[in-house]
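K.L.:
Next up is a structure, given as structure tokens.
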Amino acid sequence: MITATRNYLVFLRRCANIAFVGDWRYYLWMGALTVVCLLGLNAYAKQLVHGLVVTGMSDEVSWGVYIANFTFLVGVAAAAVMMVIPVYIYDNEELHDLVIFGELLAVAAIIMCLAFVTVDLGRPDRFWHLIPGIGQMNFPRSMLSWDVLVLNGYLLLNVHICGYLLYCRYQKRKPARWFYIPFVFIAIVWAISIHTVTAFLYVGLGGRPFWNASIVGPRFLASAFTAGPALIILALQVVRRVTAGGSAKELATGTDASNRSGTSASLADFYQLSRELPEMAWVSIADRERALAGASVIDVAAGDILLRQGTTSHFAFFVLQGRVVVKKEEGGLFRITRTARPGDQFGEVSALHGTAREATAIAEEPSRILRLPDTSLKVLMETREMEQIVHARMTERLMITDRSLFILRSIVQVSMIINVFLLVCEVFKEFYSGTTHGASAKYLFLGLEGHHALVPWIWSAIGFNLIAMVILVLPLSKSLKYLNVACVLSIVGIWIEKGMGLVIPGFIPTPLGAVVDYLPSLNETLVCLGIWALGLLCYTIFLRMAVPILQGRLTKANEGRPEGRGDTAVPFPAAATTKP
Amino acid sequence: MPLPEPTASVPETGSKNLDRRSFLRSTAAFAGLTALATSLSPLRELGDYTSTEQFLQKYYKELTPQEMKQVLERITNEVEHQYGIRPHVRDLKPMDGVEFVYALNLTRCIGCRKCVHACVAENNQSRSPEIQYIRVLKMPHGSMDVEKGDHTYDDKEVPDKGFFYMPVQCQQCKNPPCVKVCPVNATWQEKDGITVIDYDWCIGCRYCEAACPYWARRFNFTKPEIPADRLNPEMAYLGNRPRKQGVMEKCHFCIQRTRVGKYPACLEVCPVGARKFGNILDPESEISYILRTKRIFIQLKEEMGTNPRFFYYFDK
């Protein structure tokens, strides 16, 4: 128990330490975000002193960009589930490695949501009135109390899932399924519920006909499942770029050791392996002897290349001593996908499947490697324990393939079509029937009584959405360049449509028919920017911790080494190391 | 080589290097703390935002009579400190067998807005920014559609020909949407039908303001200002005691008057007798008589299902 606690604290300390390690671009980025955060904090301090009068809100339009951003971000958080569903329900392998990035994005988005509702409160000092037990939570009558519960619940669920999976990866331990799979499925339902509940906040208000429409819930989900995965597509490419270390050309300079003959392996080598890989101990002597056929031990120097991406061979490898790093080329840049330490395997996927090498393996320090032909590996894997560990470790890697991005593309594609369709349904109902209830929609799309504040916004949003939909539907978006354009357009379009375009016109005209425009004030805008900066800061820190863990750089095995140097080195952004 | 340096080749950290690093680190920490302090500096003006007593105050319905006494004492002292007048603050409870109902005669109302101003004076509403519970709509003859109403009419003389006037205030609904949505139960309906707000419990989320179909709720976007010589010292906890920045308020049928048997201020000031108020549970009351005998009376936005206790009627 004490050891477990100590290990966990060490893990947390190391994660915290690594957040402060990076190159000048990392510091510049984090510094800039901190400055914007502080500007936002300063603006919020002014708001606390003078009240919400420093915003553009009034008794007529009593919610503004704070709640608009909140609504948008709940959608982003909910959309993380769109990566989880293909992985856990349809067993999609491509997306498996990426789920954690979606969930970390959800955590950052929920943090932003909570910040946005807090700054919207007139009396944030009384937040404790909301806490069940010591306060007075109006549950289940008030939808806002539901929202408080589901948002905090979702935050906890995702923190648990990400935290547990990352900690297991750090410890090189297989996660216990019962300890996270049930939570994954709860989180799937929960994600739908957070966005539905947020929609119901609006839908439940009979006095606001613009919101009091059952289509708001489905529209929220459709737009969330468009903007969320679109944001993840962009975020993953950024992660891929900043974690890439060096160009393909530079990697070619290493000595090729893939054809080195080495010495024949002996039972002593298997014994040495079993000391690093306890599962090996289950393999019988007879099986070990059978597996010796074709097995050899090779000694390599730092920089030697053990296998190359794109080639084919039937060998799999285990590290006996030293350290081997596996790098994959994606988009002309190499990125560490895995770090193999004594007891670890590499090259097993293509050996077992007979496919081309997915990545290049390079010795990072003088190493001794056990090289097995696929037949020997299969012999070892006849033992259940070995089979399980080899399979479990196959997924221990960090890969962001183009294919996984295009799976997300198909989600964005379908969601955008549904989103635009639901928008058309809504516009038809508001305008064709011609009832006085259409006044808000009229204000939004055409302007009312000489007030046109939202008209240019909503038409730009619709323009963006339509262009994005066309790009997404055409084969054009099979190129990442165009897909990115479509993603940016969808995110901006939906941010306007769902934030400004849904929250503000609900108040205009007022229930007594007054038409009053709303424009966010500078102070209000600064607070918003501050919260977005806070969210990005959190997400960057989460990635800064998660990436090295997924790459095997930050692991229990190298506990006690100085962070960011030697075998814990994970330059961030990694491209910096390419400079000679 | 693009590879990260192996451990062996990491240069040993000399003491000089260490000094430089720790110097940089402490400089960065100092700069960060200074920036943080600077960004928070506006908080120095926070003043009497909340006292410990007020911060820890319990929910209205959970206060024991003894605790209520202390709370009233605190409020009295606070008001005296701020305005130099010692007010008479009471916690008035609803009377048994009473349910208040309001009726407004649209034929008589001339749109003079005297009710608006009487309400502001009686209920210690902020003069800057202006907060008013009653909004009078100038409506063209022949329509009850509020969207045709003029909120800001500024005629030299009222009534204007071709128009009628419709004052709107809290409708004291039997099925109030504002109460349902409040996440902390800071607003509720009392036994006598008045929907009240605990100004010391409201968190200022403004969900009730969004939920109200009558635009009856007002938010204190900043610290309310009331000239000390205009302060009404006769106060009720759930009524007209001065509010704080960041909380909601609204018409409460002048709880400090009606619960001790007086008429609301808006009714007393009305020069044409357009306003009627009373106990609907008493069959002999004037309000019961009006609702029994008038052929047409209107609940505003009846289709909302809010069932207001505020009725509009016509003479002919």
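K.L.:
With the Cα gyration tensor of the range B:100-313 giving a ≥ b ≥ c as the square roots of its eigenvalues, does the rule (a/c under 1.5 for rounded; else a/b larger than b/c for prolate; else oblate) give rounded, prolate or oblate?
P.N.:
Verdict is rounded for the range B:100-313.
K.L.:
Report the relative contact order of the range A:248-394, percent, no decimals, based on alpha-carbon pairs under 8 angstrom and at least 6 residues apart.
P.N.:
Answer for the range A:248-394 is 31 percent.
K.L.:
Still on this structure, please answer the following. What longest region of chain A stays clear of GluC sites (Glu not before Pro) that DSSP places outside H, G, I, E and B and that have at most 16 other Cβ atoms within 10 Å?
P.N.:
After excluding every exposed loop site, the longest remaining stretch is A:1-381.
K.L.:
Taking each residue in A:514-520, count the Cβ atoms of any other chain within 10 Å of its Cβ, then average. What number comes out?
P.N.:
Whole-number average of other-chain Cβ neighbours for A:514-520 is 2.
K.L.:
Search the structure for amide H atoms under 5 Å from the amide H of A:R323, placed 1.01 Å from N in the peptide plane, and list their residues when 5 or more places away or on another chain.
P.N.:
Under 5 Å from the amide H of A:R323 lie the amide H atoms of A:E364, A:E365, each far enough along the sequence or on another chain.
K.L.:
Enumerate cysteines in chain B without a disulfide-compatible partner, where compatibility requires another Cys Cβ under 4.7 angstrom.
P.N.:
B:C109, B:C112, B:C119, B:C173, B:C182, B:C202, B:C205, B:C212, B:C254, B:C270
K.L.:
Now a separate question. May I ask you to derive the relative contact order of chain A, considering only C-alpha pairs under 8 Å and at least 6 residues apart, and to give it as an integer percent?
P.N.:
Once normalised by length, the contact order is 25 percent.
K.L.:
Something else about it: Where a ≥ b ≥ c are the square roots of the eigenvalues of the C-alpha gyration tensor, would you call the range B:42-117 rounded, which needs a/c under 1.5, or, failing that, prolate if a/b is larger than b/c, or oblate? Each step should come with its number before you reach the end.
P.N.:
Values: a/c = 2.61, a/b = 1.52, b/c = 1.72.
In terms of gyration-tensor shape, oblate.
K.L.:
Please report, in whole Å³, the volume per residue of the convex hull around the C-alpha atoms of the range A:186-301. All intermediate terms of the calculation are to be shown ahead of the outcome.
P.N.:
Working: hull volume 26.0 nm³, N = 116.
Residue-normalised Cα hull volume stands at 224 Å³.
K.L.:
Using modelled backbone amide H atoms (1.01 Å from N, in-plane), which distant-in-sequence or interchain residues come within less than 5 Å of B:K244's amide H?
P.N.:
none
K.L.:
Please list the non-local residues whose amide H lies under 5 Å from the amide H of B:F164, H modeled 1.01 Å from N, same-chain partners needing a gap of 5 or more.
P.N.:
HN-HN under 5 Å from B:F164: B:M139, B:H141.
K.L.:
If you take the square roots of the eigenvalues of the alpha-carbon gyration tensor of the range A:436-550 and sort them as a ≥ b ≥ c, do you get rounded (a/c under 1.5), prolate (a/b over b/c) or oblate? Could the numbers behind the result be given before it?
P.N.:
Values: a/c = 3.41, a/b = 1.49, b/c = 2.29.
Taking the square roots of the gyration eigenvalues as a ≥ b ≥ c, the range A:436-550 is oblate.
K.L.:
Size of the range A:115-155 along its principal axes in angstrom, Cα-based, largest extent first?
P.N.:
23, 21, 16
K.L.:
Where does each of A:230-237, A:482-489 land if you order them by average Cβ count within 10 Å, highest first? Working shown, then result.
P.N.:
Working: A:230-237: 22.4, A:482-489: 20.9.
Top to bottom by mean Cβ count within 10 Å: A:230-237, A:482-489.
K.L.:
Return one number: the angle in degrees, 0 to 90 and rounded to the nearest 10, between the long axis of the Cα atoms of helix B:15-40 and the longest principal axis of the Cα atoms of chain B.
P.N.:
The helix B:15-40 is inclined about 10 degrees to chain B.
K.L.:
Defining a contact as two alpha carbons under 8 Å apart and six or more residues distant in sequence, what relative contact order in percent does the range B:100-313 show?
P.N.:
For the range B:100-313, the relative contact order is 30 percent.
K.L.:
Got a sec to turn the phi values of the range A:439-445 into Karplus ³J(HN,Hα) couplings, 6.51 cos²θ - 1.76 cosθ + 1.60 with θ = phi - 60°, whole Hz, x for Gly and Pro?
P.N.:
In residue order, the calculated couplings are 4, 5, 5, 4, 4, 5, 8 Hz.
K.L.:
Same structure again: Taking beta carbons within 10 Å but only from partner chains, what does the mean come to for residues A:141-150? All intermediate terms of the calculation are to be shown ahead of the outcome.
P.N.:
Values: counts 6, 11, 5, 8, 5, 1, 2, 2, 0, 0.
Taking the mean over all residues of the peptide, I get 4.
K.L.:
Hey, another quick one. Rounded to the nearest 0.05, what FRET efficiency is calculated for A:L480 and A:I131 with R0 set to 45 Å and r the Cβ-Cβ distance?
P.N.:
The pair A:L480/A:I131 has a calculated efficiency of 0.45.
K.L.:
Just rank B:M166, A:M83, fewest to most, by other beta-carbon atoms within 10 angstrom.
P.N.:
On the way: B:M166 21, A:M83 28.
Least crowded to most crowded, the residues run B:M166, A:M83.
K.L.:
Using the 2.2 N^0.38 Å rule of thumb for compact globular proteins, work out how the protein assembly as shown stacks up: its C-alpha Rg over that value, please.
P.N.:
On the way: Rg = 34.0 Å, N = 896, 2.2 N^0.38 = 29.1 Å.
Output field value: 1.17.
K.L.:
Here's a follow-up. As I understand it, the value is the acute angle between the Cα axis of helix A:2-18 and the longest principal axis of the Cα atoms of chain A; what does it come to in degrees, rounded to 10?
P.N.:
70
K.L.:
When chain B is modelled as a GNM with alpha-carbon springs shorter than 10 Å, which of B:R230, B:R243, B:R21 fluctuates the most?
P.N.:
B:R21
K.L.:
Using a 10 Å cut-off on Cβ to Cβ distances, tally the other chain neighbours for every residue of A:124-136 and report the average as a whole number.
P.N.:
Working: counts 3, 7, 13, 2, 4, 10, 4, 1, 0, 0, 1, 6, 12.
Average neighbour count from other chains, rounded to a whole number: 5.
K.L.:
Just to confirm the number: angle between the C-alpha axis of helix A:99-120 and the first principal axis of chain A, 0 to 90 degrees, nearest 10?
P.N.:
The helix A:99-120 is inclined about 30 degrees to chain A.
K.L.:
Calculate one ³J(HN,Hα) per residue across the range A:339-350 by plugging θ = phi - 60° into the Karplus curve 6.51 cos²θ - 1.76 cosθ + 1.60, and present them in order as whole Hz with x for glycine and proline.
P.N.:
Ordered by residue, 3J(HN,Hα) equals 10, 9, 10, x, x, 8, 9, 7, x, 6, 5, 6 Hz.
K.L.:
HN-Hα J couplings of the range B:48-65 from phi, Karplus 6.51/-1.76/1.60, θ = phi - 60°, integer Hz, Gly and Pro as x?
P.N.:
After applying 6.51 cos²θ - 1.76 cosθ + 1.60, I find 8, 4, 7, 9, 4, 4, 5, 4, 8, 4, 7, 5, 3, 6, 9, 6, 6, x Hz.
K.L.:
May I ask for the Kirkwood hydrodynamic radius of the range B:246-316, worked out over all distinct Cα pairs and given in angstroms to one decimal? Numbers along the way, then the final one.
P.N.:
Numbers: mean 1/r = 0.0717 Å⁻¹.
That comes to 14.0 Å for the range B:246-316.
K.L.:
Still on this structure: If I model a spin label at B:N307 and A:H437 as a point 7 Å from the Cα along the Cα→Cβ vector, what separation in nanometres do I get?
P.N.:
2.2
K.L.:
Scaled to the compact-protein estimate 2.2 N^0.38 Å, what is the alpha-carbon radius of gyration of the range A:248-394, rounded to two decimal places?
P.N.:
Details: Rg = 14.4 Å, N = 147, 2.2 N^0.38 = 14.7 Å.
Here the answer is 0.98, to two decimals.
K.L.:
Please give the Cα centre distance for the range A:369-415 versus the range B:176-236, rounded to the nearest Å.
P.N.:
60
K.L.:
What is the gain in length, in nm to one decimal, between B:K262 and B:L40 on full extension, counting 0.36 nm per residue of separation less the C-alpha to C-alpha distance?
P.N.:
75.1 nm
K.L.:
Sticking with this one: Excluding same-chain residues fewer than 8 positions from B:K58, which lysines have a Cα within less than 26 Å of its Cα?
P.N.:
List returned: B:K69, B:K93, B:K180, B:K191, B:K223, B:K244, B:K250.
K.L.:
Something else: With both bridge residues required to lie in chain B, what share of the DSSP beta bridges run antiparallel, to the nearest 5%?
P.N.:
Roughly 75 percent of the DSSP beta bridges within chain B come out antiparallel.
K.L.:
Need the full-extension length gain, A:T34 to A:L529, defined as separation in residues times 0.36 nm minus the C-alpha distance. One decimal, nm.
P.N.:
So the extension gain works out to 177.1 nm.
Here, each number is a calculation from the coordinates, and none is a lab measurement. None of the values given here were measured: they were computed from a predicted structure. So basically every Cβ, Gly included, is an ideal-geometry build from the backbone, and we count neighbours across all protein chains shown.
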